Amino acid sequence: MKKFMFVNRKPPYGTIYALESLEVVLITATFDQDVSLVFLDDGVYELVKGQDTAGIGIKNHSKTYRALEGYDVEKLYVERESLAARGLTEDDLIVDVEVLSSAEMADLMAEQDVVLSF
Amino acid sequence: MLHIVNKSPALTRSLESCVRLSRPGQSLLLIEDGIYAATSADTVASLKHLKLYVLQPDVEARGMKGRIVEGVAAVDYAGFVDLVAEHSSNQSWL
């Protein structure tokens, strides 16, 4: 089993990155790999509660993060500095996450076999 | 770990995030528009905890050959492959 880390750094709807990341995470989980998701920079916006995409004609994929648990994807990490820079707290997020400092995140990243960026 | 940055630091914060989430002794390869970071002495100084490389074909393509800060290592495509092979993992800061 390899350690896969998915690093999400983009807001949810301006580009296809956030949705594509979710797709690849689900595929990787199917192969019984050790999967971690990391949310940094504008990637933290992917997890914000209260997303309503009815007006823009795009599927609201934020609810999918809640389904990850069902695929045994339970390691979700958010960088404290990225949250703070955007006036967000853990309570603003749609799922339970572990909030890490930049230094802790750097250590976690260094432990991975594969890092995929979105 | 090998970090790879391909955007100008004036355009995105990729380099800034890379620096924040890197550890001393790791490597950073600047490619494509990322090479502009290596033309600023201040920026290069802020990267001194990392082993710094630039991809020479991208430097030359942008006319920056004479502007890269002294001491920054240049690699060609084969060197890029070597760097990837030498490191156990890599992270592209897209």
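May I ask which residue of B:SER17, B:TYR36, B:LEU50 lies farthest towards the positive end of the charge dipole of chain B, with charges of +1 (Lys, Arg) and -1 (Asp, Glu) on Cβ and the Cα centre as origin? Selected residue: B:SER17.
Please give the net charge around B:SER46, taking every other residue with its beta carbon less than 12 angstrom from that of B:SER46, where Lys and Arg add +1 and Asp and Glu add -1. Walk me through the intermediate numbers first.
Working: positive: B:ARG20, B:LYS48; negative: B:GLU16, B:ASP42.
Surrounding charge for B:SER46 is 0.
Note on chain B: with a GNM built from Cα contacts shorter than 10 Å, the maximum mean-square fluctuation among B:LEU50, B:LEU15, B:LEU28 falls on B:LEU50. Counting Cβ atoms of other protein chains within 10 Å of each residue's Cβ and taking the mean over peptide A:110-117 gives 5. Assign one of three labels to the protein assembly as shown, namely rounded, prolate or oblate, based on the Cα gyration tensor with a ≥ b ≥ c the square roots of its eigenvalues; rounded applies when a/c is under 1.5, prolate when it is not and a/b is larger than b/c, and oblate otherwise. Prolate. Using the Karplus relation 6.51 cos²θ - 1.76 cosθ + 1.60 with θ = phi - 60°, the per-residue 3J(HN,Hα) values for region A:15-29 come to 9, 8, 4, 4, 5, 4, 4, 4, 4, 5, 4, 5, 5, 4, 4 Hz, with x marking Gly and Pro.
Which of A:LEU83, A:LEU40 comes first, and how do the rest follow, when ranked by fewest Cβ neighbours within 10 Å?
On the way: A:LEU83 20, A:LEU40 23.
Lowest to highest Cβ neighbour count: A:LEU83, A:LEU40.
Taking 15 Å as the straight-line reach from the Cα of A:LYS3, the aspartates and glutamates in range (excluding those fewer than 8 positions away in the same chain) are A:ASP32, A:ASP34, A:ASP72, A:GLU74, A:ASP107, A:GLU111, A:ASP113.
Return the tail of the calculated pair distribution for chain B, meaning the percent of Cα-Cα pairs more than 15 Å apart.
On the way: 2342 of 4371 pairs.
Value for chain B (Cα pairs over 15 Å): 54 percent.
Take every Cα pair under 8 Å whose residues are at least 6 apart in sequence, average their separation, divide by the length of region A:3-117, and the relative contact order is 34 percent.
Relative to the Cα centre, what is the charge dipole magnitude of region A:1-51, using +1 at the beta carbon of each Lys and Arg, -1 at the beta carbon of each Asp and Glu, and rounding to the nearest 20 debye? Don't skip to the end; give the middle numbers.
Details: 5 positive and 7 negative charges, 18 e Å.
My answer is approximately 80 debye.
Using 15 Å as the cut-off for backbone N distance, which residues of region B:1-28 belong to the label zone defined by a point 7 Å from the Cα of B:MET64 along Cα→Cβ? Backbone N within reach: B:4-16, B:28.
As a test of understanding, state the convex hull volume per residue of region A:72-118 from its alpha carbons, in Å³.
Details: hull volume 4.7 nm³, N = 47.
Given the Cα convex hull of region A:72-118, per-residue volume reads 100 Å³.
Based on the Stokes-Einstein relation at 4 °C and a viscosity of 1.567 mPa s, and on the Kirkwood radius from alpha carbon pairs, chain A is assigned a translational diffusion coefficient of 90 µm²/s.
Where a number appears in this text, it was derived from the coordinates with a stated rule and is not lab data. Here the structure is a predicted model, which means the values were calculated and not measured. Note that each Cβ is placed from the backbone with ideal geometry, even for glycine, and that neighbours are counted across all protein chains shown.
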